[in-house]
Amino acid sequence: MIGIILIAVTWILLRLEGKDLGAIGLNAPRLRLREFSAGFLVAGAAAALQQFGYSLATGTFWRLNPDLSGALLLESLRWNTNSVLYEELLFRGYLLYQAIRLLGARRAVPLGAVAFGIYHWFSYGVLGNPVAMAFILLLTGAFGLMCALAFATTRSIAAPIGLHLGWNVISYVVFSAGPLGRAVLIPASGAGRLRVEGMAGLLLGLGLPMMLVAGVTYYLIRMRRGITASASS
């Protein structure tokens, strides 16, 4: 519901400027579907790799949730889709579009990334814990940077939504590592979610997501350079 409301508000604001939803890339359905799918597959593969890494590090296998039902699966998908659409439309929608227009992508993209990281201080409830705040700012800020750059490069919200939803659906729905708890697969040990301490935990919890961000960012920068070169030739 909140996603529909934000789309409606975005449409109204754009119409006041004489524009439509194409300004945030809700156009060219075939192209946007490809961008969405690419983002979903890349981020989803990284999320799956992380969860299998946790499994290997802890010696715990996965099993199908015996309480899984169609209603539970649909509710989990609905919640994750709603939360992703809310965050993407808020941080990579109309506001980022205007920030890029007024400040340029070089300033708007990092600004949007920092805002996304700070937002998660509140959504994760870590205010007052400096270590957790620094970790959350680094991790979610980097993810926000990747998604903001994807928006600036493709001029569409499709790729950011795909990246965000791919990570969340695989982590939260498939491997039950989200705030809703048990979904499709659960640890055979009975733990609510797998946790790894020490260097392995740091590599899987921070290093692997940062590798995802670095790889996608590198690809997007090369893509932007190619677009710029084609436009100037």
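Below is a table of values for the structure above.
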| read-out | value |
| --- | --- |
| FRET efficiency for ILE227 and ALA45, using Cβ-Cβ distance with R0 set to 22 Å, rounded to 0.05 | 0.30 |
| Added length on full extension, which subtracts the Cα-Cα distance from 0.36 nm per residue, ILE4 to SER189 | 62.6 nm |
| Nitroxide proxy distance, nm - points 7 Å out along Cα→Cβ at MET199 and ILE118 | 3.7 |
| Using alpha-carbon coordinates, inclination of helix 130-154 to the longest axis of the chain, degrees | 50 |
| For segment 1-59, accessible area per residue (1.4 Å probe, heavy atoms of protein chains only), Å² | 60 |
| Solvent-accessible area per residue for segment 175-233 (1.4 angstrom probe, square angstrom) | 61 |
| Highest to lowest packing among 6-15, 105-114, scored as the average C-beta count within 10 Å | 105-114, 6-15 |
| Probe 1.4 Å - accessible area at LEU21, Å² to nearest ten | 40 |
| Helical contribution to [θ] at 222 nm, DSSP H n ≥ 4, -39,500 (n - 2.57), averaged over the chain, rounded to 500 | -23500 deg cm²/dmol |
| Pairwise label distance in nanometres, LEU33 with ALA71, each label 7 Å out on the Cα-Cβ vector | 3.3 |
| Listed residues LEU127, ALA105, LEU33: farthest to the positive end of the dipole of segment 33-150 (Cβ charges) | ALA105 |
| Folded to 0 to 90 degrees: helix 94-103 orientation relative to the chain principal axis, Cα | 50 |
| Spacing of the two label points (7 Å from each Cα toward its C-beta) at THR81 and ARG106, in nm | 4.0 |
| Tilt relative to the chain, helix 70-91 - C-alpha long axis, 0 to 90 degrees, to 10 | 40 |
| Extended-chain gain in nm, criterion 0.36 nm per residue less alpha-carbon gap, LEU206 and VAL131 | 25.6 nm |
| Ordering of 132-144, 52-64 by packing [mean C-beta count within 10 Å, highest first] | 132-144, 52-64 |
| Ordering of 82-89, 181-188 by packing [mean C-beta count within 10 Å, highest first] | 82-89, 181-188 |
| Furthest towards positive pole of dipole, GLY59, ILE118, PHE175, structure part the chain, Cβ charges | ILE118 |
| Where only alpha carbons of the chain are counted, the Rg and the Dmax (Å) | 18.5, 60 |
| Kirkwood Rh in Å, taken over all unlike Cα pairs in segment 150-232 | 15.2 |
| Share of carbon and sulfur in the accessible heavy-atom surface of the chain [1.4 Å probe, %] | 69 |
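The values are calculated or read from the model by the stated rules, or taken from the named source; none is laboratory data. Quick caveat, the model's predicted, so the values are computed rather than measured. Note that each Cβ is placed from the backbone with ideal geometry, even for glycine, and that neighbours are counted across all protein chains shown. To get the accessible areas, we keep the full protein, side chains included, count just its heavy atoms, and leave off ligands, DNA and RNA. Shrake-Rupley method; radii C 1.70, N 1.55, O 1.52, S 1.80 Å.
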